[in-house]
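What follows is a structure written as structure tokens; I'll ask about it next.
The values are calculated or read from the model by the stated rules, or taken from the named source; none is laboratory data. Predicted model, so just to flag it, every value in this text is computed and none were measured. Glycine also receives a Cβ, built like all others from the backbone with ideal geometry; neighbour counts cover every protein chain displayed.
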Amino acid sequence: MLANSLIELDRAHLIHPVASYRGHERQGVRVLKSARGATVTDASGHQLVDGFAGLWCVNAGYGHESIVEAAARQMRELPYATGYFDLGSEAAIRLAAELADRAPGDLNRLYFTLGGSDAVDSTIRFVHYYWHAKGQPKRDQFISIQQGYHGSSTVGAGLTALPAFHAGFGLPFDWQHKIPSPYPYRNPVGEDAATIIDASLSTLKAKIEEIGPDRVAAFYAEPIQGSGGVIVPPKGWIKAIRDLCHHCGILFIADEVITGFGRTGPLFACADEDIVPDMMTVAKGLTSGYVPMGAVFMSDGVYDVIADGAGEAAVGHGYTYSAHPVSAAVALEVLKLYEGGLLENGHKAGVRLMAGLESLRDHPLVGDVRGRGMLAGVELVTDKAKKTPLPAAAMPARRIFDRAWDNGLVIRAFPQGVLGYAPPLCCTDAEIDAIIERTRKTLDQTL
Ligand code: PLP
């Protein structure tokens, strides 16, 4: 089928996630045809370095035959087994055990989902169940962070703090509360790490007091805020916040949907920050995007409260495709690849990526460069001294994205004027260098 007719079919039938529907109808779809390593090829044969690993998910890179084989083997042998009731598959059981083995602290219990949104959603249900089981059902208020993203499920979208995910949906989110982001580049208290941490602790304490200390159920944080513009809190921030939550008797949930599986260096960013959350959500890199899967890691302590609270009754939370054996088989193979050299390569490539992006600081449009490992953001400004944000109307993110695309680079251009980078961990030096060169060219064309 010709690309043009595909574009017409897309226009007529396919609703795209997080797109301007009318804008998309005018613009038309860009169709990807194939991919290998860190390179994707579109329907017209144009080759690009995928600086965003799909949607920060193809951490292993494209075209791993061993992953295809693992999926095919599982499909031939047992394409489906429910995890409901007392049933299960070998792949899911082995995956749970392998992940528990690598998780921080006592996060020994795994609940599998289809992606990140339903993983977050599951934690919200588990948090409620936990407090009911503990005889404190009034703890039904949740706190998260401005500029945070926790998916777009009906309930979980309440924790998300990006305007597009609330505007027009009309749902009551009066159970969720926000504290300011620990955003070093644009923080009213300045860029000093200790001052930012102190300010966050004060605002969280004040928020808990305002809501009522016996009403707060849980606090949610991404170790690095992804969709909010790759905001990197100071090292030690998340530990200080986790400690305060525990001091106040509030559950602490880490959302590692982006940061998990080598994105910031180690398998989990929480390990790097030396913290053990009460629950931790993952998705994306879990299967490297080859098939859908997410997971909730639950601590022994939280699990025991829920299990004892339920007694012999069923805990009524489940999906037909929880712990899907094909996804589990893929995740097991992906884990082998991470530990067989990809994490190491990602570490090296991340150092080169950050050094390359730092070299862009001399560009008149670059106000800030930040990141960790293979996760980075470049914030664009029109005046460096005043940190004047790019006017969205004059320089729409879509135009920067299009220019980068034409220059052979896939990046994310966030509406707040931040370029996002999350390349596959398999990137070669040449591919990292191409990401930097093509970014500079794109910025020159944007001046
Ligand atoms: N949580 C975080 C931190 C995310 O970045 C995302 C997606 O980008 C989600 C949750 C939702 O995951 P999914 O898109 O797989 O539903």
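Hey, among the residues in segment 274-293 that are over 11 Å from ASP255 (Cα atoms) and small (Gly, Ala, Ser), which one's farthest from the ligand (Cβ to nearest atom)?
Among those that are over 11 Å from ASP255 (Cα atoms) and small (Gly, Ala, Ser), it is SER288.
Which one is surrounded by the most Cβ atoms within 10 Å (Cβ to Cβ) among residues in segment 117-158 that are in a helix (DSSP H, G or I) and away from the ligand (no atom under 16 Å from the Cβ)?
TYR130
Within the group TYR80, TYR84, which residue is surrounded by 13 or more Cβ atoms within 10 Å (Cβ to Cβ) and either touching a residue at least 40 places away in the same chain (Cβ under 8 Å) or within 16 Å of the ligand (Cβ to nearest atom) (or both)?
Unique residue meeting the criteria: TYR84.
Also, I was wondering about something else. Does segment 167-219 hold any residues that are in a loop (DSSP other than H, G, I, E, B) and closer than 28 Å to MET298 by Cβ, and which are they?
Passing the criteria: LEU171, PRO172, PHE173, ASP174, TRP175, SER181, PRO182, GLY212, PRO213, ASP214, ARG215.
Which number in (1) within 16 Å of the ligand (Cβ to nearest atom); (2) within 25 Å of TRP131 (Cα to Cα) marks the one condition that VAL216 misses?
(1)
I need the helices (runs of 4 or more DSSP H) fully contained in segment 343-447, keeping only those with at least 1 residues that are among the polar types (S, T, N, Q) and in the same structural domain as VAL31 (by TED's automatic domain parsing).
Output list reads 343-358, 429-446.
Condition check ((1) within 27 Å of ASP101 (Cβ to Cβ); (2) in contact (Cβ under 8 Å) with a residue 12 or more places away in the chain) across all residues:
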{"site": "THR320", "(1), (2)": "no, yes"}
{"site": "LEU335", "(1), (2)": "yes, yes"}
{"site": "LEU343", "(1), (2)": "yes, yes"}
{"site": "LYS348", "(1), (2)": "yes, no"}
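Still on this model: Of the residues GLY151, GLY158, only one is at pLDDT below 95 and either of a type in the set (A, V, I, L, M, F, W, C) or not assigned by TED's automatic domain parsing to the domain that holds ALA376 (or both); which?
Selected residue: GLY158, the only one of GLY151, GLY158 that is at pLDDT below 95 and either of a type in the set (A, V, I, L, M, F, W, C) or not assigned by TED's automatic domain parsing to the domain that holds ALA376 (or both).
Going through segment 134-187 one residue at a time, which ones are charged (D, E, K, R) and farther than 29 Å from ALA310 by Cβ?
LYS178, ARG186 - these are the residues of segment 134-187 that are charged (D, E, K, R) and farther than 29 Å from ALA310 by Cβ.
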